[in-house]
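First comes the structure, then the notes that go with it.
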Amino acid sequence: MGLTLNNDNTTNINNFEEYSEQFEYQNQHLYNLLFERNQDLIKSKKVGVASANLKKVFESTFKLSSKIGFHEMSLRDLSKDTGLSMGGLYSCLTKKEDIALMVLDIVELVSEKNNQAALEQSDELQSLEMAIRSYLYSSTILQPWFFFLYFETRSLSSENQIKSKKIELTTIATLEKIIQSGVDKGIFDVNSPYFVATTILIVLQDWYLKPWKNKEKNISLEQYSKHLFRMVKKLLRI
């Protein structure tokens, strides 16, 4: 399995290393982007200082929330773990819930990019492969972010909980649209594109939610991707 180079401006992903090299939402660029996109929440106007503090905040948040839960974690816990003063924390946060909002923002942004890349492919099978690869690869790079949002959506306001759930629904809708197009063209033989799309997403989510299962079986990311794509082809009866 592997997408080949196209001449029609479609995106190509051959492996995780290639995707990672092109993936812009990581390392210091990610925190610079958070700074740019959340000026209404961040008091500091110095991008270097703020992005460095944000990096400490998120790394500590993911560590602490996995141990004691985000709901139980306080800003004082965060201050102690990051080594930042309370003033330093308040320079890049107004309240603890801002962290969940920023995670939502990044996961939503990445998911939108993944869905768009899948829909831009030249045929339905390539679109599904792109959807599978981009989701697996991005959720591997940003595993703590995807994991956190999945379990801490309840920490958001009702309005933002709906927004968080919409990320999942939009991904399902994207997969369903691709599958339905294949059915309409006689490429796929599926009774319910929706249920196949839902099944694909469940298996995609299992990769970042329960990584220990695949580690015990020594299943690598590329192996998981290939096995999933083979399963999808069987579901599509091709």
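Observations, loosely collected:
- Annotation: residue 158 fulfils all but one of (1) more than 30 Å from residue 31 (Cβ to Cβ); (2) free of Cβ contacts under 8 Å to residues at least 12 places away in the same chain; (3) of a type in the set (Gly, Ala, Ser); the unmet one is (1).
- Among the candidates 109, 156, residue that is modelled with pLDDT under 95 and under 19 Å from the mean Cα position of the chain (by Cα): 156
- Test: residue 66 is under 24 Å from residue 204 (Cα atoms) and at pLDDT below 95: yes
- Tally of residues being closer than 16 Å to residue 154 by Cα and buried (at least 17 other Cβ atoms within 10 Å of the Cβ) across the range 84-100: 3
- Unmet requirement for residue 173, which otherwise passes all of (1) surrounded by fewer than 17 Cβ atoms within 10 Å (Cβ to Cβ); (2) under 16 Å from residue 111 (Cβ atoms); (3) in contact (Cβ under 8 Å) with a residue 40 or more places away in the chain: (3)
- Within the range 128-138, being open to solvent by less than 10 Å² (accessible area, probe 1.4 Å) and either under 16 Å from residue 178 (Cα atoms) or among the small types (Gly, Ala, Ser) (or both) holds for 128, 130, 132, 133, 134, 138.
- Top-ranked residue of the range 215-226 - restricted to ones that are of a type outside the set (Gly, Ala, Ser) and under 17 Å from residue 139 (Cα atoms), ranked as surrounded by the fewest Cβ atoms within 10 Å (Cβ to Cβ): 215
- Residue selected from the range 22-44 under the condition without any contact (Cβ under 8 Å) to a residue 40 or more places away in the chain and assigned to a loop (DSSP other than H, G, I, E, B), by the criterion farthest from residue 97 (Cα to Cα): 24
- Residue 57 touching a residue at least 40 places away in the same chain (Cβ under 8 Å) and within 23 Å of residue 208 (Cα to Cα): yes
- Any chance residue 119 is closer than 30 Å to residue 21 by Cβ, of a type in the set (A, V, I, L, M) and surrounded by fewer than 19 Cβ atoms within 10 Å (Cβ to Cβ): yes
Matching residues to (1) of a type in the set (A, V, I, L, M); (2) open to solvent by 50 Å² or more (accessible area, probe 1.4 Å); (3) free of Cβ contacts under 8 Å to residues at least 12 places away in the same chain; (4) closer than 18 Å to residue 135 by Cβ:
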site: 180; (1), (2), (3), (4): no, yes, no, no
site: 184; (1), (2), (3), (4): no, yes, yes, no
site: 197; (1), (2), (3), (4): yes, no, no, yes
site: 203; (1), (2), (3), (4): yes, no, no, yes
site: 213; (1), (2), (3), (4): no, yes, yes, yes
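- Within the range 34-83, being open to solvent by 90 Å² or more (accessible area, probe 1.4 Å) and acidic (Asp, Glu) holds for 36, 40, 59, 72.
- Of all residues in the range 68-91, those satisfying the criterion of being within 19 Å of residue 43 (Cα to Cα), among the hydrophobic types (A, V, I, L, M, F, W, C) and in contact (Cβ under 8 Å) with a residue 12 or more places away in the chain are 75, 78, 84, 89.
The values are calculated or read from the model by the stated rules, or taken from the named source; none is laboratory data. These numbers were taken from a predicted model, which means no experiment stands behind them. We place every Cβ from the backbone using ideal geometry, glycine too, and count neighbours over all the protein chains shown. Side chains included, ligands, DNA and RNA excluded: accessible areas come from the protein's heavy atoms. Shrake-Rupley method; radii C 1.70, N 1.55, O 1.52, S 1.80 Å.
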